[in-house]
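Here the structure comes first, spelled out in structure tokens, and everything after it is commentary.
Read-outs throughout are calculated quantities, based only on the coordinates presented, and are distinct from any laboratory measurement. From a predicted model like this one, the values you see are computed outputs, not experimental measurements. Note that each Cβ is placed from the backbone with ideal geometry, even for glycine, and that neighbours are counted across all protein chains shown.
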Amino acid sequence: MSTIVTVAAKPRETVKNKGTGTRVSRRLRAAGDVPAIIYGHKQAPQPISLKSDDIAGILKRGSHVLNLDLGNGKSETVLVRDLQWDYLGREVIHVDFFRADLTELVESEVRIEIRGEAPGVNEGGMLDVPHHSVKVRCRADQIPDYIRVDVSNLHLGQVIHVKELQLPAGVAAVSGPDEIIVHLIRPAGAVEATEPAATEPEVISRPEKKAEV
Amino acid sequence: MPMMPKRVKYRKTQKGRVKGNATRGNYLAFGDYGLQVLEPGKISAQTLEAGRIVASQSVKGGGRLYIRVFPHKSVTAIPAETRMGKGKGEVEFWAAVVKPGTIIYELAGINEDVARRALARIAYKLPMACRFVTRRPTL
């Protein structure tokens, strides 16, 4: 089950070019902070900023629910709704937080953790994981950090579907029950180099206009 | 056979410049490990094919390789010792235009050491700097 971590956050002014906007965000990132926003529950959105080290910690732990300490005795319980990465995927550049009531039902993506050695791999198979996360519905305080999938009994040709996942009590899968999580397939095999054939793409030509009489 | 489009509207295209960073195709969508381009440029269909073959040899038939880019752009050339003028040259090869951040190959179903070795062998054949990437954490 997800542990609720308390993270310090600084509220920003809601005025453009003072607390929000591209230049302000860039300045924050240069200072080692990450701009973020809290929204939801029909309250006004609140722009905030967090330390990038704290974000790294959240990602490492896989925490879905956080308690944001906004200073002056104010705090918000939030869900991580969206993460924006830089173009190389190295750093988080913005985070969306959704105000959460711990007792309400929420939908969230939970990552799949593969455990064990599949015997089918020794039979010449390949472990294929088409989905690396599953969408679940549960109470905000019951979101699991990950869902463990044991593949130690998986032989060649066998499949684990969403409906076969062992979910914690109070957690239901939203993803289709027949969606494949893991399957052991036979790899396509080595690819041979082929001689290049001199072919050209077909050029799409406009249909000729009929001559007017 | 190197990859090329099946049908095109125009056989020859203008050269163009590669500007900006990748905003699409810059994360691992299928595999567990990938090769990310760090510089802008063009990768010819022949190079992509060479990468595919070298990766296949490296993983010895195991795993699955995904090629995330396609050579959509034709590159023309004028033959040597030809006087200037007389129009645009003939299509020499087809190339994929890549921006920094683009994932070009992805590998799945193998362990990290094998993937690193396979992707390093591909990177050696590519005309630009690349880096090995793993999946971003999801929340």
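Distance between the modelled labels on B:PHE70 and A:ILE114, one decimal in nanometres: 2.7 nm (7 Å Cα→Cβ projection). For the protein assembly as shown, treating each Cα as an identical point scatterer without solvent, what Debye log10 I(q)/I(0) comes out at q = 0.09, 0.10, 0.11, 0.15 1/Å? The calculated log intensity ratios at q = 0.09, 0.10, 0.11, 0.15 Å⁻¹ are -0.68, -0.81, -0.93, -1.27. Each 10 Å bin, from zero up to the one with the longest distance, holds this percent of the alpha carbon pairs of segment A:73-131: 15, 26, 27, 21, 9, 1. In this rough spin-label picture, where each label sits 7 Å from Cα along the Cβ direction, the B:GLN46-A:ASP101 distance is 6.6 nm. Pick out, from A:VAL95, A:ASN67, A:ALA44, the residue whose Cα sits farthest towards the positive end of the charge dipole of chain A, with +1 on the Cβ of Lys and Arg and -1 on the Cβ of Asp and Glu. The residue sitting farthest along the positive end of the dipole is A:ALA44. Here is the list for segment B:1-96: GluC sites (Glu not before Pro) lying in DSSP coil, each with at most 14 other C-beta atoms within 10 angstrom of its C-beta, are B:GLU81.
Towards the positive end of the charge dipole of chain A, with charges on Cβ (+1 Lys, Arg; -1 Asp, Glu), say which of A:ASN17, A:LEU165, A:HIS155 has the farthest Cα. Highest projection toward the positive end goes to A:ASN17. Think of segment B:49-139 as a dipole: +1 on every Lys or Arg Cβ, -1 on every Asp or Glu Cβ, centred on the Cα centre; then among B:ILE122, B:SER74, B:THR134, B:THR134 lies furthest on the positive end. With respect to chain B, whose longest principal axis is taken over its alpha-carbon atoms, helix B:45-58 is tilted by about 20°.
Take chain B, mark every one of the trypsin sites (Lys or Arg not before Pro) that falls in a DSSP loop and has at most 12 other Cβ within 10 Å, then report the longest stretch left between them, sites excluded. If you can, show how the numbers build up before the last one.
Numbers: sites that count: B:LYS6, B:LYS9, B:LYS15, B:ARG17, B:LYS19, B:ARG24, B:ARG83, B:LYS86, B:LYS88.
Value returned for the longest uninterrupted segment is B:25-82.
Here segment A:106-185 has an Rg and Dmax of 13.0, 42 Å, counting Cα atoms alone. Seen against the Cα atoms of chain A and their longest principal axis, helix A:52-61 is set at about 60 degrees. At q = 0.18, 0.20 Å⁻¹, what log₁₀ I(q)/I(0) does a Debye calculation on the Cα points of segment A:5-100 give, no solvent, two decimals? Here the Debye-derived log intensity ratios amount to -0.79, -0.99. If you take the Cα centroid of segment B:48-118 and the Cα centroid of segment A:116-162, the two points sit 33 Å apart.
Averaged over residues, the count of other Cβ atoms within 10 Å places the peptides A:79-92, A:8-21, A:165-178 in the sequence A:79-92, A:8-21, A:165-178, highest first.
What do you get for trypsin sites (Lys or Arg not before Pro) in segment A:28-64 restricted to DSSP loop and a cutoff of at most 15 other Cβ within 10 Å of the site's Cβ?
Details: sites: A:ARG29, A:LYS42, A:LYS51, A:LYS60, A:ARG61; in loops: A:LYS42.
Sites meeting the loop and neighbour criteria: A:LYS42.
Proximity of backbone amide H atoms, modeled 1.01 Å from N, is registered between A:ILE114 and A:VAL149 at under 5 Å, excluding neighbours fewer than 5 places apart on the same chain. The charge dipole of segment A:5-100, taken about its Cα centre with unit charges on the Cβ atoms of Lys, Arg (+1), Asp and Glu (-1) only, comes to about 280 debye. Note on A:125-135: average number of Cβ atoms from other chains within 10 Å of each residue's Cβ is 3.
Which FRET efficiency, nearest 0.05, do B:LYS9 and A:ALA172 yield, Cβ-Cβ r, R0 35 Å?
Computed FRET efficiency for B:LYS9 and A:ALA172 comes out at 0.10.
Relative to the longest principal axis of the Cα atoms of chain B, the long axis of helix B:112-125 makes an angle of roughly 10 degrees.
Annotation for B:LYS86 and B:LYS125: the two label points, set 7 Å from Cα along the Cα-Cβ direction, are 3.5 nm apart. The helix-only estimate of mean residue ellipticity at 222 nm for the protein assembly as shown, built from DSSP H runs of length n ≥ 4 each weighted as -39500 (n - 2.57), is -4500 deg cm²/dmol after division by the residue total. From the largest down, chain B spans 55, 33, 27 angstrom on the principal axes of its Cα atoms.
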